[in-house]
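Remarks on the structure that follows.
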Amino acid sequence: MTERFFLYDDLVDTKTRFVSFMGDNQRFDLAIIQSDRYYGKQLILDIQGNRFAIIGPDDLDEEGYLEYAFNLSEEDAEELRDFLRETL
């Protein structure tokens with residue numbers, strides 16, 4: 001067997017916030033992970049939907065980004081966007 005070639009293998013300190021809230025149509029269960037990686041953006045995990053995205057404030061203004069990343073309707077994405085604007 002050949003030797004494994006790692007591009008990187010780092011252990012970093014993170015700060016994780018677990019938050020759950022109810023929107024008009026669905027419940028959001030999120031893990032928001034902050035680290036010194038991703039150029040100031042945060043790793044947002046949708047625990048129920050089994051999806052994640054690296055998101056910063058600039059991404060919230062990108063049309064269709066949350067809808068695509070989290071497979072949400074426009075209405076549900078707007079609720080998530082409002083929450084993330086308060087949080088990020």
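Quick note: the coordinates plus some simple rules give every number you see, no bench work behind them. No experiment lies behind these values; they were computed from the predicted model shown. Note that we place each Cβ from the backbone using ideal geometry, even for glycine, and neighbour counts take in every protein chain shown.
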## Note on the structure
Only unsatisfied item for Thr2, checking (1) under 14 Å from the mean Cα position of the chain (by Cα); (2) surrounded by fewer than 16 Cβ atoms within 10 Å (Cβ to Cβ); (3) polar (S, T, N, Q), is (1)
### Query
Cβ-Cβ below 9 Å, separation at least six or inter-chain, first residue in region 2-20 and aromatic (Phe, Trp, Tyr), second in a loop (DSSP other than H, G, I, E, B): which pairs?
Phe18/Ile47
### Task
Taking only region 18-53 into account, find how many residues are crowded, with 17+ Cβ neighbours inside 10 Å, of a type in the set (Phe, Trp, Tyr) and more than 14 Å from Phe83 (Cβ to Cβ).
0
### Selection count, region 58-88, where residues are touching a Gly at 6+ places or on another chain (Cβ under 9 Å), assigned to a helix (DSSP H, G or I) and over 17 Å from Asp24 (Cα atoms)
0
